[in-house]
Every structure is written in C-alpha cells, then in structure tokens.
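**Student:** Before anything else, here's the structure in question.
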Amino acid sequence: MLRCMQAGVAGCALLVATGCWNFSVSHRQTAAKPALPPLVQPKDALTLEVFFIPRAAGDSLLGESLWRQLDETAIKRPELRSRLRAAGLRVGLAGSNVPPALRAAATEVHTGQQARGAQRLSLLAGQETNIEVASIPEAFQLRTIGAKGESLQSYAGGRCIMKVSGERQQDGWVRLHFQPELHHGAVTIQPMAGDSDWKLQQGQTIDHLWEQKFDVEINMGELVVIGAAPDIDEDLVGARFFRTGAPPSASECVLVIRVADVQQIEPVRTDHW
C-alpha cells in the first residue's frame, strides 16, 4: 500500500515536471465590510438675505447720490467694470452700516410698485440658487455687448434671473458669484450639464449672459447692491433686469444681498448605507 502511494506521488511529480498537468489556484479573498462608511468632508452653508428696493424710474434716491456712497471697485478688474457698464449694469458694495441714501430709498417705498420683502436663502458652498429679478410677459429685444461685438436677440417673453453661488474664503469673508440669465420659452424636459455629467431637468430655455458674469468678495454683514446704470437704452441688460413699465408709470429697482451667516455643516454618520 505504501509503495502504491509513493508511486502515485512520484507519478504526480513527473506529470508536473513534464508540463502534462494543467491546474490553477484560486486566491479568492472576501473583503470584510468596513465598520464605518467613508468619511465625508464638512461643508460651509451660506445664509443670504435678499431684498429689492423699488422706486419710480429716474428717482434721485437710486441715482448718483446712492452710487457715490457705494464702493464700485468691488469688481476688481477694470475691464469687467467697463463691460458691465456697457451692458447697463452697476455693482457696488456697502458696509454693514447702511449708507443714508440706501436707507432712505428703502424707507420711502415707491407707492406705484409693491415692495418685495426680504427673503432668506440658504445654500451649501458651491451650490447655485436662482433669484428672479424681473418677469417680462410681452415681446422684447435684448442687446448684449461682448468680446465679439453686439448681438440683438428677440424674445416673446421671459424671466430675468440672477444665478448666485458662493463659498467661504477665510474667517468672516465670502466670495459670491453672479451669473445673469434669461429664461424663456415653454417649460420642457431638457438636458442640463452638471459638474461631472448630464441630467434631465424641467425648465425653460436658458440664455447665459456670460459676458456679464462677475463675482465679489465681501465681509460678513456687508451689502452687495446691483442696479441699472443711468441713461441707458431700454434693450440693454441693465434696463431689462431692473426697469419695468413705460413713462409716466415706469419704475426701477436695485437688488440688495447681504451675507447674514456662514456655518460649517458636519456630516452625520448612519448605519443605513
């Protein structure tokens, strides 16, 4: 019996040595489920206060007396400031102490335009939110001025949207990004580009006014004021966004945004993952 076993072992060794025996070895390993889900980094959450100050068109309270009390160098690049002015837009920064002209304009509300109360918006850093500045129900034209010259586009109606996002720069400082857009046409399901892929989203057609995109860096409690430049044509971006109606009942407004709070949101672990 022992001899048979020894012969069998010798025969196996011979088969292996001569390459006549094909075999494979499986190194299958089973990974154990980790005790905790992957770590998620905390994110900053911004709280913005948004309100509009309406006045009669040409009201001096929204004129030079106001803009002289605002810091228009909040737009750092001179060429961007010039581009915004050419589009009929003005952007200024006010400190936490509200300038007298802005306080007066907010107190003496224009009776021909219903005041829109302040709204609080909360968004995570990098997340975008839409602020509807104006709605234009009738047909109109919009003239944009960019690096490639002027362009005149006709619309059957639309909504003037200011898309806003932001993130903390350092303690007490926030950078806000502003992208003017025109939303128009019927509401349909459309492909929208996300950060990493495409997704289907219900909405109108969006014309991004890339040449008028800007950002500002402000401290907690400070105010960003956006409005129309004086003496501009009615088909420019500034007029379409911030002026409505026709004389003698025409009105205009400024958009005011304040960073009310910045908080860090910590991730919460859960066993259901």
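The values are calculated or read from the model by the stated rules, or taken from the named source; none is laboratory data. Values in this document were obtained by computation on a predicted structure and should not be read as measured data. We place every Cβ from the backbone using ideal geometry, glycine too, and count neighbours over all the protein chains shown.
**Student:** Suppose we filter 116, 90, 68, 83 for residues that are in contact with a Phe, Trp or Tyr (Cβ under 7 Å, 6 or more places away or on another chain) and at pLDDT 90 or above; which single one remains? Give the derivation first.
**Tutor:** Working: 116 fails: at pLDDT 90 or above; 68 fails: in contact with a Phe, Trp or Tyr (Cβ under 7 Å, 6 or more places away or on another chain); 83 fails: in contact with a Phe, Trp or Tyr (Cβ under 7 Å, 6 or more places away or on another chain).
So the residue among 116, 90, 68, 83 that is in contact with a Phe, Trp or Tyr (Cβ under 7 Å, 6 or more places away or on another chain) and at pLDDT 90 or above is 90.
**Student:** Also, quick follow-up: Scanning segment 116-168 for residues that are over 23 Å from residue 55 (Cβ atoms), in a strand (DSSP E or B) and among the basic types (Lys, Arg), which turns out nearest to the chain's Cα centre (by Cα)?
**Tutor:** 163
**Student:** Something else now. Conditions first: (1) crowded, with 18+ Cβ neighbours inside 10 Å; (2) without any contact (Cβ under 8 Å) to a residue 40 or more places away in the chain. Residue 186 passes all but one, so which condition is the exception?
**Tutor:** Every condition holds for residue 186 apart from (1).
**Student:** Hey, does segment 19-39 have a residue that's within 26 Å of residue 168 (Cα to Cα) and either at pLDDT 50 or above or part of a loop (DSSP other than H, G, I, E, B) (or both)? Lay out the reasoning, then the answer.
**Tutor:** Of the residues in segment 19-39, the ones within 26 Å of residue 168 (Cα to Cα) are 38-39.
Then drop every residue that is not either at pLDDT 50 or above or part of a loop (DSSP other than H, G, I, E, B) (or both), which leaves 38-39.
Yes, some residue in segment 19-39 is within 26 Å of residue 168 (Cα to Cα) and either at pLDDT 50 or above or part of a loop (DSSP other than H, G, I, E, B) (or both).
**Student:** Scan segment 41-61 and tell me whether some residue there is in contact with a strand residue (DSSP E or B) (Cβ under 9 Å, 6 or more places away or on another chain), modelled with pLDDT under 90 and part of a helix (DSSP H, G or I).
**Tutor:** yes
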